[in-house]
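The values are calculated or read from the model by the stated rules, or taken from the named source; none is laboratory data. Treat the numbers as computed from the prediction; the structure is a model and nothing was measured. We place every Cβ from the backbone using ideal geometry, glycine too, and count neighbours over all the protein chains shown. Ligands, DNA and RNA are stripped out before the accessible areas are found, and what is left, the full protein with its side chains, is counted by its heavy atoms. Shrake-Rupley method; radii C 1.70, N 1.55, O 1.52, S 1.80 Å.
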Amino acid sequence: MKRIARSTQRPSSLLRPLTPSTHQPRLVPIAIQSSKTTTTTTATTQTVPSSRRHASSLSQRPDSSHVMFPGAVKSAFSNSMTFEEPSKYDALPTYRAVDQHGQVVDPSFKPDLSDEEVIKLYHDMLTVSIMDLIMFDAQRQGRLSFYMVSAGEEAVCVGSASALSSEDVVFCQYREQGVFKQRGFTLSDFMNQLFANHKDPGKGRNMPVHYGSKELNIHTISSPLATQLPQASGAAYALKIQRMQNPTVPPRVVAAYFGEGAASEGDFHAALNIAATRGCPAVFICRNNGYAISTPTLEQYRGDGIASRGLGYGIDTIRVDGNDFWAVREVTKRARELALQDGGKPVLIEAMTYRVSHHSTSDDSFAYRAKVEVEDWKRRDNPIGRLRKWMEAKGIWDENKEREARDSIRREILKAFSQAEKEKKPAIRTMFEDVYEELTPEIKAQMKELKEHLDQFPEEYDLGDFDGGKDSLAK
Amino acid sequence: MSRYLRPAVRLASTASRVQVARPAAPTFFKPASVAGLQKRTYADAPSGTKDYTVRDALNEALAEELEANPKVFVMGEEVAQYNGAYKVTKGLLDRFGDKRVIDTPITEMGFTGLAVGAALSGLHPVCEFMTFNFAMQSIDHIVNSAAKTLYMSGGIQPCNITFRGPNGFAAGVAAQHSQDYSAWYGSVPGLKVVSPWSAEDAKGLLKAAIRDPNPVVVLENELMYGQVFPMSEAAQKDDFVIPIGKAKVERAGKDLTIVTMSRCVGQSIVAAEALKKKYGVEVEVLNLRSIKPIDLDAIIASIKKTHRLMTVESGFPAYGVGAEIVALAVEYGFDYLDAPPQRVTGADVPTPYAQGLEEMSFPTEALIENHAAKLLKLI
């Protein structure tokens, strides 16, 4: 039998087959063949929404002043030959709502959170920054193999996450502790992953900081750079289709985080282009922190940051002061609304920050930047200090509260830390699971062999460290 | 069956061990003590030998080739200003300037494509990957462009390029950063693939790779960079190259042939010494050096002598380098074999992060020794 090249097959249980729907005005019938059909004669005919633009409908009218080529439908003819020079354009502006002194500078800005809510989010930012310091030192003491800190980027993560719905789907790169914390990842959740104990949802198989949470709708972090971006477009497309099929589902977006270095990877470009052409409700959030490991932005790109690329792909774009919690929150809130308009479309946010920390525990950044540069940045402006100033100006925060908060956070972190360190290791059984969805006959046989061996020599093995001991191998 | 998973007996050493904390440099990864054994193989002027780390040897090879040929340049993430993520390119920027030693944005697809383009236009780029895991992003340029353009262009566009970087597992970097690509690249017509073990290997093979008119993939090993080896006087000279496609007998023997490469060579030598001590058997260790082309003559010559074959590698078992060697041995040397050939490989599982599981995922000296003893029916 002959298969058509792009048959619309049933992709997964998530997606029901498309049926003729009343809210889609443009429908064209196309013949598709069900994946289960075995003869060509039983091919069914269904209708799917057309997204194809027919070039023939755009033919040039005589004496038109505009280009009507299919590739540029709104371009005016010009009789002067001019190459556009990026340097002749001003850099895109950076939006801020509150300046580095904590003063509101956007007259239209009105905080939409109660005092308690702001304090909670400030608490999240503080928690992340204190946890980072403790875990960085713990790595230095050899208590875990690797850690990544996010100093300087707390507002980008906590601010943007606070504007998302808990139902939204999130893809992170690796420096987004703030997003996890804001969405409800507990200190124990962090520590269990870092110490790879039996409570780690990753079952001890991932490097530290590769968090993930099904309950919080955050995909597990993947090491290869920028692969999360096209996947985010795909997840957003799935949400869009889901809603087309069942309009009672609440509208959701995908938020995808990445650094400016990751935006050099081909995946970034593929992700933006496909999200734009497919109308995927995705909010791409770039943390432009000035460094990609040791590579400064000056050597990373020559254009106007990452934001300018969004325009090229036909994507609504904004640049925001990443040290301004309020600005990031406001921008993300608006971006989420935009992403859900017109049946779904991507939005790009470029949040400007400075990576105060080293790239990771494997990096010593003073080999490629001056310590004074970092100290300058810390002193001049930082996201935690700025929100604190705003809160103090409002009279809801003071030195005492700050000290109390820091002390109690520190205590909680150390408590979770020592608890997680003491937890048992994942069950022995997990060593055999999840390479494939089901245990293969070979793996089952190996598991049986191991169980028999352990039964035969009970004195030889101390299995007390492992969750459930050898019982996990039974069935 | 259980060859794919490490035998359960190994649980003994890991399960009963008190693991307070994961040490920064786990003991498991301590270098095999082979320096003493190594020295024996250098008959020529031992007084002139000098100790080199693998890192220094690679650095010297790059410096000599940059010096010798103005068409050679080095490119990769952090190779210039930062001296390389593993300091292999240390000092090269200062010595050769930023036209010859080039930092790139984080775009493997971009800089690999650029290097291939430069090679197709007549330059001789050395393209560094921070690890070969990252080359997955740009593998199309390596496999479809670098390897095939000479053939597809009717022979008018040679591609003299060297891809190099650490390959295989390191310590505690989990599934997506711990893969061995020997079998991947070894399967591609048009590519040559080498995998050095010692400092001499590293220098001689990298120089040969840069000079070779074909695309050559040099698969190094992160855990070997800091290891010290004696370098013979001949190897210290700037005209030293090791021919691609020639294996080296690192340890002569008559009872069993172990064919191995990269870090597993050292482990196999240690296992061979232990087998000699315990059972008085002499194991021949053949350092493959070159994955493609493979030195079939050396393998068959050794089998003719020992009549038994075992391969040791850290790649996945299925469709691997070991599988290829066993197949070749059976095709060309079946009548000389007195026992079924065996493979010792990495486990058929995405590399786990947990230290105990990670240890069980790759060959160790004890495991090699154990399997060799079983093959020889000593236990």
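Just a few scattered comments:
- Considering residues of segment B:45-94 that are in a loop (DSSP other than H, G, I, E, B), touching a residue at least 60 places away in the same chain (Cβ under 8 Å) and crowded, with 19+ Cβ neighbours inside 10 Å only, the residue farthest from the other protein chains (Cβ to nearest Cβ): B:Thr49
- Within segment A:426-453, restricting attention to residues that are of a type in the set (A, V, I, L, M, F, W, C) and in a loop (DSSP other than H, G, I, E, B), the residue that is farthest from B:Tyr353 (Cα to Cα) is A:Leu439.
- Test: residue in segment A:305-320 that is of a type outside the set (Lys, Arg), within 14 Å of chain B (Cβ to nearest Cβ) and either open to solvent by 10 Å² or more (accessible area, probe 1.4 Å) or farther than 28 Å from A:Lys389 by Cα (or both): yes
- Those residues of segment B:339-354 which are within 13 Å of chain A (Cβ to nearest Cβ) and of a type in the set (S, T, N, Q), in sequence order: B:Thr351
- Residue selected from segment A:448-470 under the condition within 15 Å of A:Lys424 (Cβ to Cβ), within 9 Å of chain B (Cβ to nearest Cβ) and acidic (Asp, Glu), by the criterion least open to solvent (accessible area, probe 1.4 Å): A:Asp465
- Residues in segment A:411-445 that are within 13 Å of A:Leu187 (Cβ to Cβ), within 27 Å of the chain's Cα centre (by Cα) and open to solvent by 30 Å² or more (accessible area, probe 1.4 Å): A:Glu412 only.
- Residues (in contact with a Leu (Cβ under 9 Å, 6 or more places away or on another chain), open to solvent by 10 Å² or more (accessible area, probe 1.4 Å) and under 20 Å from B:Gln227 (Cβ atoms)) located in segment B:270-292: B:Val270, B:Glu273, B:Arg289
- Cβ separations smaller than 6 Å between residues 6+ apart or across chains give the following pairs from segment B:259-272 residues that are more than 22 Å from B:Arg55 (Cβ to Cβ) and not assigned by the TED database to the domain that holds B:Pro166 to residues that are open to solvent by 10 Å² or more (accessible area, probe 1.4 Å) and not in a helix (DSSP H, G or I): B:Ala272/B:Arg251.
- All positions within segment A:86-128 that are modelled with pLDDT of 95 or more, part of a helix (DSSP H, G or I) and not charged (D, E, K, R): A:Val118, A:Ile119, A:Leu121, A:Tyr122, A:His123, A:Met125, A:Leu126, A:Thr127, A:Val128
- Filter result for A:Leu414 (of a type in the set (A, V, I, L, M) and without any contact (Cβ under 8 Å) to a residue 40 or more places away in the chain): no
The rows are residues; the columns are (1) among the hydroxyl-bearing types (Ser, Thr, Tyr); (2) loosely packed, with under 11 Cβ neighbours inside 10 Å; (3) touching a residue at least 40 places away in the same chain (Cβ under 8 Å).
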{"position": "A:Phe77", "(1), (2), (3)": "no, yes, no"}
{"position": "A:Ser80", "(1), (2), (3)": "yes, yes, no"}
{"position": "A:Glu84", "(1), (2), (3)": "no, yes, no"}
{"position": "A:Lys88", "(1), (2), (3)": "no, yes, no"}
{"position": "A:Leu92", "(1), (2), (3)": "no, no, yes"}
{"position": "A:Pro111", "(1), (2), (3)": "no, no, yes"}
{"position": "A:Glu117", "(1), (2), (3)": "no, no, no"}
{"position": "A:Met125", "(1), (2), (3)": "no, no, yes"}
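- Residue within segment B:293-301 that is over 18 Å from B:Ala252 (Cα atoms) and crowded, with 17+ Cβ neighbours inside 10 Å present: yes
- Filtered by the rule that a residue be out of contact with any Pro (no Cβ under 7 Å at 6 or more places or on another chain) and over 22 Å from A:Val170 (Cβ atoms), segment A:278-298 gives A:Tyr291, A:Ile293, A:Ser294, A:Pro296, A:Thr297, A:Leu298.
- Single residue of B:Gly266, B:Gly172 found to be within 14 Å of chain A (Cβ to nearest Cβ), open to solvent by less than 10 Å² (accessible area, probe 1.4 Å) and not in a strand (DSSP E or B): B:Gly172
- The helices (runs of 4 or more DSSP H) falling completely within segment A:156-263 that include 2 or more residues that are in contact with a Leu (Cβ under 8 Å, 6 or more places away or on another chain) map to A:177-183, A:228-245.
- Among the residues of segment A:217-233, the ones that are more than 9 Å from chain B (Cβ to nearest Cβ) and crowded, with 18+ Cβ neighbours inside 10 Å come to 9 in all.
- Checking the stated criteria, B:Asp103 turns out to be within 12 Å of another protein chain (Cβ to nearest Cβ), among the charged types (D, E, K, R) and either in contact with a Ser or Thr (Cβ under 9 Å, 6 or more places away or on another chain) or open to solvent by less than 40 Å² (accessible area, probe 1.4 Å) (or both).
- Residue check for A:Glu265: open to solvent by less than 10 Å² (accessible area, probe 1.4 Å), under 18 Å from A:Val328 (Cβ atoms) and among the acidic types (Asp, Glu): no
- Count of segment B:106-136 residues which are within 21 Å of the chain's Cα centre (by Cα) and at the interface with chain A (Cβ under 10 Å from one of its Cβ atoms): 4
- Near pairs, Cβ below 8 angstrom, 6+ apart or cross-chain, from segment B:148-159 (in a loop (DSSP other than H, G, I, E, B)) to any residue that is polar (S, T, N, Q) and surrounded by 15 or more Cβ atoms within 10 Å (Cβ to Cβ): B:Gln157/B:Thr149; B:Pro158/B:Asn214; B:Cys159/B:Ser145; B:Cys159/B:Thr149; B:Cys159/B:Asn214
- Selected residue (criterion: nearest to B:Asn221 (Cα to Cα)) from residues of segment B:335-379 that are open to solvent by less than 30 Å² (accessible area, probe 1.4 Å) and among the aromatic types (Phe, Trp, Tyr): B:Phe362
- Of the residues making up segment B:175-191, just one is outside any loop (DSSP other than H, G, I, E, B), under 16 Å from B:Pro293 (Cα atoms) and among the polar types (S, T, N, Q), namely B:Ser182.
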